[in-house]
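First comes the structure, then the notes that go with it.
The values are calculated or read from the model by the stated rules, or taken from the named source; none is laboratory data. Keep in mind it's a predicted model, so treat the numbers as computed, not measured. All Cβ positions, even for glycine, are placed from backbone atoms using ideal geometry, and neighbour counts span all protein chains on display.
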Amino acid sequence: MTRDSRYDILFEPVTIGPVTAKNRFYQVPHCNGAGYRDPSAVAEMRRVKSEGGWGVIFTEQAEIHHTSEISPFIELHLWDDEDMPMLGKMSDAMHEYDALAGIELAYSGVNGPNLYSKEVPRAPSAMPIRTFTNDPVSARGMTRKDIRDLRRWHRNAFKRAKTAGYDLVCLYGAHGFGIIQHFLSTATNHRTDEYGGSLENRSRLMCELIEEGKDVIGDTCGITLRLSLDEAIGDLGFSNNEVRDLIEMHSDLPDLWDLAHGAWEDCSGPSRFKEEAAQQDLVSGIKSLTSKPVVGVGRFTSPDVMVKQIRSGTLDFIGCARPSIADPFLPQKIDEGRIEDIRECIGCNICISGDMTMSISRCTQNPTFMEEWRKGWHPEKMQAKGDSESILIVGAGPAGLEAARALGLRGYQVVLAEASTQLGGRVARERQLPGLSAWGRVADYREYQLSQMENVDIYLDNRLSADDILDFGFQHVALATGSGWRNDGVSRVHVVPMPTDGSIPVYTPDDIMNGQKVEGEVILFDDDHYYMGGVIAEKLVEQGARVTLVTPAAYVSEWTNNTLEQATIHRHLVEIGVDIVLNRAISQISQQSVESECVFSGQRKEHKANAVVMVTSRIGDDAVWNELLARENEWADKGIESIKLIGDAQAPAPIAWATYAGHRYARELDMPDIGDDLPFRREVAELKS
């Protein structure tokens, strides 16, 4: 297949200062939960993107100095020469397929609590540190000497970046994390000297850093600047109008303008609340203010939308973080005319949760993300099949679909049996809920891939019993039978079923997704804390119910703090009329009333309700598995070598865990038993005397 000529413009080379990108695909800096702890894993992840055809590939933020670090978050370090080997390994990996290698330099200022280095934080003005965790630490206002030191530290970082092999050096002044933004914003810059007051003064440090960067490394490296398009925090913030004034004032200062949308929560808003190209209005017209190239982001997955961004004169580069994670080979697939093979980002932000929880990131669509080095998993290639021939997969949810796809690529004869009349399992149901339509891409991508495989047969409306599975005689069986929501309240607060006398009907998310209409006064008890409670509340409001959401947590949908959507969820629920009750748990349902109690004091309160919806926990559908396990002595006579339980059926979790489980099953089939050995590689620190 060949590239559609409509997309030729995406593959034009573009100059950035002294270097030239081979195309317009620009992987903007993004975190991954690994940073300095797992440099080989990060390097291989970026190398795979180089192989996938990206013209520009950046690291995540690299902290340039120990006086500003954001522990407990695990980012890259560029503190001294000892950090050079791992950074050099990354740039070499990025260069392998002729991508430009970029590094993002970060001095976090008012966002750097210095919990590891124990240094006193420094910021434009004295004020409390602004972090996700409200650390009880303050920064001191920088003196002129501090600013001179900061400029010197940047010059040192520029030199190290060049020595480490980078072609582009980005100064980070976006998302509220970068010292440049802290000087530009009147919310954080209260100075009265030449670095405060007017926009010209507030941009002085920015100009000094870029000019000195060009003096130090500008002969071989492009200097780019990453800015927020609008802080969106009110009159004191750095607004979109001021951004435009700044760019017009210093139009040709950096070699490229890298524009992001507000805070990280704004820039990486989930698909539930933000469409593709969501920052269009904020970035439109900026390119006319500068002769230098402009890159912007917007969870771009459609090549037609990408082309429109270029032809309309909005952008020069298509900036991608999450789409580059979901499909590292997105540019190559467009180049080769394989649009249908693009594994589109669903905008669930599970990747971001890795950084927020200081753990290796995951991707719902791409289960190989961050496993490229640790497990040797390539996103587009599977190892050849082993000695076995036939595999039966029971259940066509995320785990079953991914297992079938990956096993099909390996060359096995696969039969996928699904009890319902459609593929997708939980995804097929959840995609119908408010704001979750993009999540259907999990099923759509895999359904298309399976349709192209002659060695995979799919049977719908086929509910298999243990007898059926034993009689078929497949060599291997994977049970991906999914899970269901409990209606007895068992989760974190209640470890045994909640007391109820049946006087009030109790429903679960499954009931609502099955079309159950619930009217009147509804108490929704959310002890799950991810997205489902808020989404079901919204669905009930759409049906006309008056909803009170009760949660034992201090936040609605508390875990979505890790996916950067918690505040938006809370605001949205309030706007549609949901009453929110925090720090309380439903304690019992009896005598046509619902009783809750404070999680701290135990103080009790009665609530009027016509119905209760329990969003508490799920339990795996493992009945067939248990029956098969009880009959394990029959397996060999039936020609069965293994039966395994995978995905939600084994242990309910987010969808990303299910696709990972399916992929892992496919990778490990017919592979040697490693016993108690560690199933992944890791970086082990060298001891020093």
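Of everything in region 146-175 that is at pLDDT 95 or above and among the small types (Gly, Ala, Ser), the residue that is farthest from residue 255 (Cα to Cα) is 164.
Exactly one residue out of 595, 606 is surrounded by 14 or more Cβ atoms within 10 Å (Cβ to Cβ) and either in contact with a strand residue (DSSP E or B) (Cβ under 8 Å, 6 or more places away or on another chain) or not in a helix (DSSP H, G or I) (or both): that is 595. Scanning region 12-35 for residues that are touching an Asp or Glu at 6+ places or on another chain (Cβ under 7 Å) and over 24 Å from residue 252 (Cα atoms) gives 30, 31, 32, 33, 35. In region 57-79, the condition of being among the hydrophobic types (A, V, I, L, M, F, W, C), assigned to a helix (DSSP H, G or I) and in contact (Cβ under 8 Å) with a residue 12 or more places away in the chain is met by no residue. Would a scan of region 170-187 turn up a residue that is crowded, with 24+ Cβ neighbours inside 10 Å, touching a Phe, Trp or Tyr at 6+ places or on another chain (Cβ under 6 Å) and not in a helix (DSSP H, G or I)? Yes, some residue in region 170-187 is crowded, with 24+ Cβ neighbours inside 10 Å, touching a Phe, Trp or Tyr at 6+ places or on another chain (Cβ under 6 Å) and not in a helix (DSSP H, G or I).
Quick one: would you say residue 26 is surrounded by 17 or more Cβ atoms within 10 Å (Cβ to Cβ), among the aromatic types (Phe, Trp, Tyr), within 21 Å of the chain's Cα centre (by Cα) and not in a helix (DSSP H, G or I)? The answer is yes for residue 26. The helices (runs of 4 or more DSSP H) located wholly in region 275-369 that include 2 or more residues which are among the hydrophobic types (A, V, I, L, M, F, W, C) and surrounded by fewer than 21 Cβ atoms within 10 Å (Cβ to Cβ) occupy 303-311.
Conditions tested, residue by residue: (1) farther than 26 Å from residue 619 by Cβ; (2) over 21 Å from the mean Cα position of the chain (by Cα); (3) crowded, with 19+ Cβ neighbours inside 10 Å; (4) without any contact (Cβ under 8 Å) to a residue 12 or more places away in the chain.
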{"residue": "545", "(1), (2), (3), (4)": "no, yes, yes, no"}
{"residue": "552", "(1), (2), (3), (4)": "no, yes, yes, no"}
{"residue": "563", "(1), (2), (3), (4)": "no, no, yes, no"}
{"residue": "580", "(1), (2), (3), (4)": "yes, yes, no, no"}
{"residue": "586", "(1), (2), (3), (4)": "no, yes, yes, no"}
{"residue": "599", "(1), (2), (3), (4)": "no, yes, no, no"}
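Cβ-Cβ below 7 Å, separation at least six or inter-chain, first residue in region 512-523 and within 12 Å of residue 609 (Cβ to Cβ), second aromatic (Phe, Trp, Tyr): which pairs? Once the first residue is within 12 Å of residue 609 (Cβ to Cβ) and sits in region 512-523, its partners that are aromatic (Phe, Trp, Tyr) give 518/507. Contact map, region 437-461: first residue in contact (Cβ under 8 Å) with a residue 40 or more places away in the chain and at negative phi, second residue β-branched (Val, Ile, Thr) and part of a loop (DSSP other than H, G, I, E, B), Cβ cut-off under 6 Å, separation 6 or more or different chains; pairs are 438/346; 439/346; 441/346; 460/421. What residue, of 20, 59, is under 24 Å from residue 268 (Cα atoms), assigned by TED's automatic domain parsing to the domain that holds residue 89, modelled with pLDDT of 95 or more and out of contact with any Ser or Thr (no Cβ under 6 Å at 6 or more places or on another chain)? Just one listed residue meets the conditions, 59.
Residue 155: part of a helix (DSSP H, G or I), in the same structural domain as residue 109 (by TED's automatic domain parsing) and free of Cβ contacts under 8 Å to residues at least 12 places away in the same chain, yes or no? In short, no. Scanning region 1-23 for residues that are polar (S, T, N, Q) and not in a loop (DSSP other than H, G, I, E, B) yields 5, 15, 20. Of the residues 168, 259, 209, the single one that is over 27 Å from residue 86 (Cα atoms) and of a type in the set (A, V, I, L, M, F, W, C) is 259.
The lone criterion from (1) out of contact with any Ser or Thr (no Cβ under 8 Å at 6 or more places or on another chain); (2) surrounded by 24 or more Cβ atoms within 10 Å (Cβ to Cβ) left unmet by residue 374 is number (2). Of the conditions (1) more than 27 Å from residue 651 (Cα to Cα); (2) over 28 Å from the mean Cα position of the chain (by Cα), residue 540 satisfies every one except a single condition; which number is it? For residue 540, the exception is condition (2).
Find the strands (runs of 3 or more DSSP E) located wholly in region 399-483 whose residues include 1 or more that are surrounded by 24 or more Cβ atoms within 10 Å (Cβ to Cβ), and list them. Break it down stepwise before answering.
Working: elements: 413-417, 456-459, 476-479.
The strands (runs of 3 or more DSSP E) meeting that bar are 413-417, 476-479.
Scanning region 247-274 for residues that are surrounded by fewer than 19 Cβ atoms within 10 Å (Cβ to Cβ), in contact with a helix residue (DSSP H, G or I) (Cβ under 6 Å, 6 or more places away or on another chain) and outside any loop (DSSP other than H, G, I, E, B) returns a single hit, 248.
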